[in-house]
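Q: After the structure tokens below, expect a handful of questions from me.
The values are calculated or read from the model by the stated rules, or taken from the named source; none is laboratory data. All of these numbers come straight from a predicted model, not from anything done at the bench. As a convention, Cβ positions derive from the backbone with ideal geometry for all residues, glycine included, and neighbour counts pool all protein chains shown.
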Amino acid sequence: MEIKLVFDEPKQRVKPPKHFADLSPEERKAKAIELGIPAFRANQMAVHFFTHFNDDPDSWTDIPKELRQTMAAEFTPKLITLVKSITCDNGKTRKDLWKLHDGVLVESVLMRYSDRTTVCISSQAGCGMNCPFCATGQAGLTRNLTAGEITAQVVAAARICASGELEGGPTRLSNVVFMGMGEPMANYNAVMRSVRNITSPQPDGLGIGARSVTVSTVGLVNGIEKLTQEGIPVTLAVSLHTPDDELRDTLVPINSRWKVREVLEAADKYADTTGRRYSIEYALIRDINDQAWRSDLLGRLLRNRNAHVNLIPLNPTPGSKWTASRQEDEDEFVRILESYGVPVTVRDTRGREIDGACGQLAAAETASPVVIEGVPL
Ligand code: SAH
């Protein structure tokens with residue numbers, strides 16, 4: 001099978017308006033100066049946006065009234081508009097559907113746990129990686145999101161947390177996972193700009209620790225290598241789904257370009273450089289990748305690596321013949337991995353009833369469903 005790697009937008013589109021969050025802190029100041037506004041005003045904007053999640057210029061009382069509209073138009077144009085949100089799990093899980101400036105729809109999922117609140121965000125509208133068990137993969141890539149559009153999903157989640165709208169009262173957004181729609185490494189620069197926005201201390205960013213940010217990838221080795229050089233120790237998650245190349249060639253088609261061994265070696269270098277253990281994502285699919293011999297092979301592959309396995313019960317996508325593993329097969333899979341000393345967790349399936357779980361977010365509003373996979377860690 002021929003794999004087309006889509007790193008660029010497939011066709012010419014009207015670009016989303018430039019936003020403060022597309023720029024580095026230095027560029028924000030430079031832009032202020034360009035507009036004839038003193039550089040310190042860029043810092044004030046950053047406080048409003050990243051500390052108070054406030055994009056309403058009328059309330060920016062520390063900025064002269066006559067400047068507020070210009071600064072709002074130039075720095076914080078509205079990039080995402082809420083179309084719909086649905087909650088479940090007694091109000092502790094919430095899925096938001098966002099419309100972008102060109103009508104494209106993406107979704108994010110906010111999940112509150114006893115010890116953390118996590119938002120699962122999209123980095124692309126659609127995805128070009130074509131994994132057959134993932135609903136997003138079936139729809140293909142619509143376009144890359146900008147850093148502003150990615151960051152806006154996180155700021156919106158932080159605002160919802162602070163406002164007390166989630167069941168349990170006001171809280172702080174503590175974790176961000178790039179596990180919604182899209183392949184983060186295929187939109188590398190925008191993803192990295194947004195990672196910096198998320199992890200930079202206030203006022204330049206949201207001040208969420210890099211360890212609380214997870215970037216999940218199908219295994220684009222060039223992207224993992226680049227990430228290793230960034231000096232930002234985010235948690236790396238690799239969607240392996242099987243230890244053998246033969247099956248992985250079909251489950252994760254990019255495997256025909258970068259094999260299991262190469263992907264794990266790149267992840268090992270990431271772990272060595274950052275000191276961070278990485279996650280192996282493994283969707284358990286009944287009679288496809290859940291056999292004891294595969295668990296054995298995975299255990300052998302990972303026993304001396306700084307990795308942790310996250311098993312995800314497959315969330316069947318519409319029309320797919322595949323389903324989640326039998327309980328006894330899942331238990332045996334875990335047992336074998338543990339016998340090799342490999343740390344394993346089985347992911348809970350938050351948000352299933354609102355199509356908010358892996359590979360299942362579907363926007364009923366669209367003619368062709370917009371789908372993302374929103375999953376907690
Ligand atoms: N493109 C990135 C982010 C995708 S979503 C990546 O592939 O890692 C995060 C995880 O959800 C990935 O491991 C993905 O393989 C998994 N996933 C996708 N569809 C799923 C489904 N239907 N059931 C269970 N997990 C799924």
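Q: So which of 40, 53, 7, 49 is aromatic (Phe, Trp, Tyr), at pLDDT below 95 and not assigned by TED's automatic domain parsing to the domain that holds residue 150?
A: Numbers: 40 fails: at pLDDT below 95; 53 fails: at pLDDT below 95; 49 fails: at pLDDT below 95.
Sole residue among the options that is aromatic (Phe, Trp, Tyr), at pLDDT below 95 and not assigned by TED's automatic domain parsing to the domain that holds residue 150: 7.
Q: Any idea which of 90, 130, 144 is farther than 24 Å from residue 16 by Cα and touching a helix residue (DSSP H, G or I) at 6+ places or on another chain (Cβ under 6 Å)? First the steps, then the outcome.
A: Details: 90 fails: touching a helix residue (DSSP H, G or I) at 6+ places or on another chain (Cβ under 6 Å); 144 fails: farther than 24 Å from residue 16 by Cα.
On inspection, the qualifying residue turns out to be 130.
Q: A follow-up question, please. So residue 272 fits all but one of (1) in contact with a Phe, Trp or Tyr (Cβ under 9 Å, 6 or more places away or on another chain); (2) under 20 Å from residue 220 (Cβ atoms); what number is the exception?
A: (1)
Q: Could you please find all residues in segment 236-263 being hydroxyl-bearing (Ser, Thr, Tyr), within 14 Å of the ligand (Cβ to nearest atom) and touching a residue at least 60 places away in the same chain (Cβ under 8 Å)? I'd like the intermediate steps shown before the answer.
A: Going through segment 236-263, the residues hydroxyl-bearing (Ser, Thr, Tyr) turn out to be 239, 242, 250, 256.
Now drop any that are not within 14 Å of the ligand (Cβ to nearest atom), which leaves 239, 242, 250.
Hits for segment 236-263 are 239, 250.
Q: When you look at residue 128, is it on the phi > 0 side of the Ramachandran plot and either buried (at least 23 other Cβ atoms within 10 Å of the Cβ) or among the small types (Gly, Ala, Ser) (or both), yes or no? Don't jump to the end; show me each part of the working.
A: Values: on the phi > 0 side of the Ramachandran plot: no; either buried (at least 23 other Cβ atoms within 10 Å of the Cβ) or among the small types (Gly, Ala, Ser) (or both): yes.
No; evaluated as a whole, the condition is false for this residue.
Q: How about segment 292-309: which of its residues are in contact (Cβ under 8 Å) with a residue 12 or more places away in the chain, of a type in the set (S, T, N, Q) and surrounded by fewer than 22 Cβ atoms within 10 Å (Cβ to Cβ)? So that I can check it myself, show each step before the final result.
A: Filtering segment 292-309 down to residues in contact (Cβ under 8 Å) with a residue 12 or more places away in the chain leaves 292, 294-303, 305-309.
With the extra rule that they be of a type in the set (S, T, N, Q), the set shrinks to 295, 306.
Matches in segment 292-309: 306 only.
Q: Let me ask another. Mind listing just one residue for me: the one in segment 316-329 that is buried (at least 18 other Cβ atoms within 10 Å of the Cβ) and of a type outside the set (A, V, I, L, M, F, W, C) and, of those, nearest to the ligand (Cβ to nearest atom)?
A: By that ranking, first place goes to 317.
Q: Looking at (1) modelled with pLDDT of 95 or more; (2) more than 25 Å from residue 100 (Cα to Cα); (3) of a type in the set (D, E, K, R), which one does residue 204 not meet, given that it meets all the others?
A: Failing condition for residue 204: (2).
Q: Picking from 155, 176, which residue would you name as being modelled with pLDDT of 95 or more and within 20 Å of residue 350 (Cα to Cα)?
A: Of 155, 176, the one residue that is modelled with pLDDT of 95 or more and within 20 Å of residue 350 (Cα to Cα) is 176.
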